Number of protein chains: 2
Amino acid sequence: MIIDCHGHYTTAPPAHKAFRDAQLAGLDPPPAHISDDEIRESVEANQLRLLRERGGDLMIFSPQASSMEHHVPDPVVAHSWARACNDLVSRVVGLFPEHFAGCCQLPQTPNGALNDSVTELRRCVEELGFVGCNLNSDPSGGHWTSRPLTDEYWFPLYEAMVELDVPAMIHVSASCNPNFHALGAHYLNADTTAFMQLLEGDLFARFPTLRLVIPHGGGAVPYHWGRYRGLADRLGRPPLDSHLMGNVFFDTCVYHQPGIDLLGRVIPADNILFASEMLGAVRGVDPETGFNWDDTKRYVDALDAPEEDRRKIFELNARRVYPLLDARLRAREVRAESWG
Amino acid sequence: MIIDCHGHYTTAPPAHKAFRDAQLAGLDPPPAHISDDEIRESVEANQLRLLRERGGDLMIFSPQASSMEHHVPDPVVAHSWARACNDLVSRVVGLFPEHFAGCCQLPQTPNGALNDSVTELRRCVEELGFVGCNLNSDPSGGHWTSRPLTDEYWFPLYEAMVELDVPAMIHVSASCNPNFHALGAHYLNADTTAFMQLLEGDLFARFPTLRLVIPHGGGAVPYHWGRYRGLADRLGRPPLDSHLMGNVFFDTCVYHQPGIDLLGRVIPADNILFASEMLGAVRGVDPETGFNWDDTKRYVDALDAPEEDRRKIFELNARRVYPLLDARLRAREVRAESWG
């Protein structure tokens, strides 16, 4: 089974965007009326089609990352927007339960209290059956006014995650800073930054079962793995394996073979989760290969690694990091067997 | 000949630091009195010793990067600090002219006018014989309040660089933002950010002979080369080779073999300049190899590449990107021949 741990609903029907526009215009609109057919169509022609074509089975699916827009400071707006986005993802999951599992957007605001985020996380996990959340480490959107991930500011959220047994993908949203292109700088910088914050701190001594997925192949981290091993040493931190690698995971959203080869060479197979981010940052066909840039399964297939490692990357790690997904898959297998 | 294009005077005598402390305390101290012997000692025991031990010949040498501290807003302070730092580097070069070439610190301030930077660049190149400069793309020190490198704000400096025929290494300084560890996040983020700004813009159409070196192996860029090729395509920019690679260069400050292997695999040999950053971010011995992390010559030696490429990386590219260095080396060769 092949699980893609990082897909976004970037193709939501236009009415959803119109709802958001009305919201940002200061109105208090109700969430858009969107039919099941519209949702089916928006997914079948896009993520689901590509998942099938490329041989994937299931995608951990979250609202569009760049549209989370946590920089909008009004907590009421943040809350109703996150709710609407998550409800829509939940409907996708309900329509295609074998192919999608929900991962929620949190109603964060810049330095705002995390109560609403905890409440929405609980709702999504306990009522909607979601298996994880996206945590924005820079709600300011490129101004980086928030506190590092090791700061106690974040602890209420970590406590809820631990209790609910769901991981977070550390994923920033749109950039409001002209220095940072969202897809080409802000996302990767946030990934790199998150890892270094975790290296400097001691978060997993306090939360030993907390699990964080750093997307986009871990930003710059695997390429500079020697630098991080050396910095851990220089800063008097424990070796990375014991300090971080029981709790931190990288996805495979790296859009060329040499990058995936490096990832597989330096990062333990236990810490890599297959993902494509489709339909995400990079669309279209790489003229050098003739295949889509974000068809990352090809790169993992071509990785010089034992089949056992590939199975971890494609399936087993995701089931371990997202135990609620694993539970659902097991229930389905049991059901399938009893039917058989 | 082996040229290391990225070394900092991180071992300057303590009196220099005391001068800085007095300056930051609001005094107007004269630059420290430092003897030639003190300078010799500070370099012979450190950078020069390592250069010799590791088989290097010459280092392009600049003031300590993290101490540039361009976030200090007073332009008078910035100017006298840059002058003192550059004068000290100039004395190192004067004492060991075969082993060091100067690269200057600019007296930048957050969003301050660049007149003083242009003046100091001219002084360093025309009077002190420096061959390049370090340009801080985020003088705010991690708050990123400045304008992208493609903004006309920077043009006066680019015009002077083009006229003087010197490149800039894009190198940020200390981080004042608790989110960003300077060595483990801020530096790499700045590298990644610079490349994406250049990709988005069209700077080299305006300045076709401008040359920029992105240090630390280009941040996250080579690891995500497919992402950048795909983004260029998606954003309607020309292919990277024609758009950027005549003007942008990456150094080899990547502290493990797999990282250098990736760099050599995806980036044309014409665009890679040997560097170690010693004594810089990462010090000490990698227990996995038994050698110093920043002994990057070993990784380049082990690179699976033709000798011709290695010669470009070790020498020829640096002489091409830093033509004033090349001119000096040629003069020395001619002199050596006439003595011979």
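Within segment B:293-340, the set of residues being of a type outside the set (A, V, I, L, M, F, W, C) and in contact with a Ser or Thr (Cβ under 9 Å, 6 or more places away or on another chain) comprises B:Asp294, B:Asp295, B:Thr296, B:Lys297, B:Arg298, B:Tyr299.
Listed conditions (1) open to solvent by 10 Å² or more (accessible area, probe 1.4 Å); (2) within 30 Å of B:Arg229 (Cβ to Cβ) are all met by A:Thr150, apart from (2).
Evaluation of B:Pro178 against the conditions (1) open to solvent by less than 30 Å² (accessible area, probe 1.4 Å); (2) within 12 Å of chain A (Cβ to nearest Cβ) shows that the sole unmet condition is (1). Beta carbons closer than 6 Å, at least 6 apart along the sequence or on distinct chains, pair a first residue in segment A:219-243 that is in contact (Cβ under 8 Å) with a residue 12 or more places away in the chain with a second that is of a type in the set (Gly, Ala, Ser) for A:Gly219/B:Ala220; A:Ala220/B:Gly219; A:Ala220/B:Ala220; A:Tyr223/B:Gly259; A:Leu231/B:Gly184; A:Leu240/A:Ala232.
From the list B:Val282, B:Val248, B:Val266, which residue is under 26 Å from A:Asp261 (Cβ atoms) and in contact with a strand residue (DSSP E or B) (Cβ under 6 Å, 6 or more places away or on another chain)? Being under 26 Å from A:Asp261 (Cβ atoms) and in contact with a strand residue (DSSP E or B) (Cβ under 6 Å, 6 or more places away or on another chain) holds for just one of B:Val282, B:Val248, B:Val266, which is B:Val248. The residues on offer are A:Val248, A:Val285, and the sole one that is in contact with a Phe, Trp or Tyr (Cβ under 8 Å, 6 or more places away or on another chain), among the aliphatic types (A, V, I, L, M) and open to solvent by 10 Å² or more (accessible area, probe 1.4 Å) is A:Val285. Within segment B:77-92, is even one residue farther than 23 Å from B:Leu48 by Cα, more than 17 Å from the chain's Cα centre (by Cα) and buried (at least 23 other Cβ atoms within 10 Å of the Cβ)? Yes: one or more hits. Considering segment A:181-191, the residues that are open to solvent by 10 Å² or more (accessible area, probe 1.4 Å) and either small (Gly, Ala, Ser) or part of a loop (DSSP other than H, G, I, E, B) (or both) include one that is farthest from the other protein chains (Cβ to nearest Cβ), namely A:Ala182. Inspection of segment A:200-210 finds no residue satisfying the criterion of being assigned to a loop (DSSP other than H, G, I, E, B), surrounded by fewer than 24 Cβ atoms within 10 Å (Cβ to Cβ), within 14 Å of another protein chain (Cβ to nearest Cβ) and over 23 Å from the mean Cα position of the chain (by Cα).
Report whether or not B:Ala160 is out of contact with any Phe, Trp or Tyr (no Cβ under 7 Å at 6 or more places or on another chain) and assigned to a loop (DSSP other than H, G, I, E, B). Considered against the rule, which asks whether it is out of contact with any Phe, Trp or Tyr (no Cβ under 7 Å at 6 or more places or on another chain) and assigned to a loop (DSSP other than H, G, I, E, B), B:Ala160 comes out as no. The one condition from (1) out of contact with any Gly (no Cβ under 8 Å at 6 or more places or on another chain); (2) within 23 Å of A:Phe100 (Cβ to Cβ); (3) without any contact (Cβ under 8 Å) to a residue 24 or more places away in the chain that A:Glu288 does not meet is (2). Just one of the numbered conditions (1) part of a loop (DSSP other than H, G, I, E, B); (2) touching a Pro at 6+ places or on another chain (Cβ under 7 Å); (3) within 30 Å of B:Asp326 (Cα to Cα) is not true of B:Glu98: (2). Would a scan of segment A:114-130 turn up a residue that is assigned to a strand (DSSP E or B) and at negative phi? No, that holds for no residue.
Considering every residue within segment B:36-44, establish whether at least one is more than 21 Å from B:Met68 (Cα to Cα), surrounded by 12 or more Cβ atoms within 10 Å (Cβ to Cβ) and in contact (Cβ under 8 Å) with a residue 40 or more places away in the chain.
Looking for residues that are more than 21 Å from B:Met68 (Cα to Cα), surrounded by 12 or more Cβ atoms within 10 Å (Cβ to Cβ) and in contact (Cβ under 8 Å) with a residue 40 or more places away in the chain, one finds at least one in segment B:36-44, hence yes.
For B:Thr145, indicate whether it is in contact with a Pro (Cβ under 8 Å, 6 or more places away or on another chain), more than 24 Å from B:Ala22 (Cβ to Cβ) and at pLDDT 95 or above. Taking the combined requirement at face value, the residue satisfies it. Taken together, B:Leu114, B:Leu88, B:Leu157, B:Leu164 contain a single residue that is in contact (Cβ under 8 Å) with a residue 12 or more places away in the chain, touching an Asp or Glu at 6+ places or on another chain (Cβ under 9 Å) and more than 14 Å from every other protein chain (Cβ to nearest Cβ), which is B:Leu164.
Residues of segment B:163-180 being closer than 25 Å to B:Val125 by Cβ, in contact with a helix residue (DSSP H, G or I) (Cβ under 7 Å, 6 or more places away or on another chain) and assigned to a loop (DSSP other than H, G, I, E, B), which ones? Break it down into steps so the answer makes sense when it comes.
Of the residues in segment B:163-180, the ones closer than 25 Å to B:Val125 by Cβ are B:163-173.
From what's left, in contact with a helix residue (DSSP H, G or I) (Cβ under 7 Å, 6 or more places away or on another chain): B:164-168, B:170, B:172.
Answer for segment B:163-180, where residues must be closer than 25 Å to B:Val125 by Cβ, in contact with a helix residue (DSSP H, G or I) (Cβ under 7 Å, 6 or more places away or on another chain) and assigned to a loop (DSSP other than H, G, I, E, B): B:Asp165, B:Val166, B:Pro167, B:Val172.
The values are calculated or read from the model by the stated rules, or taken from the named source; none is laboratory data. All of these numbers come straight from a predicted model, not from anything done at the bench. Don't worry about glycine lacking a Cβ; one is built from the backbone with ideal geometry, like all the others, and counts go over all protein chains shown. All accessible areas refer to the heavy atoms of the entire protein, side chains included, with ligands and DNA or RNA removed. Shrake-Rupley method; radii C 1.70, N 1.55, O 1.52, S 1.80 Å.
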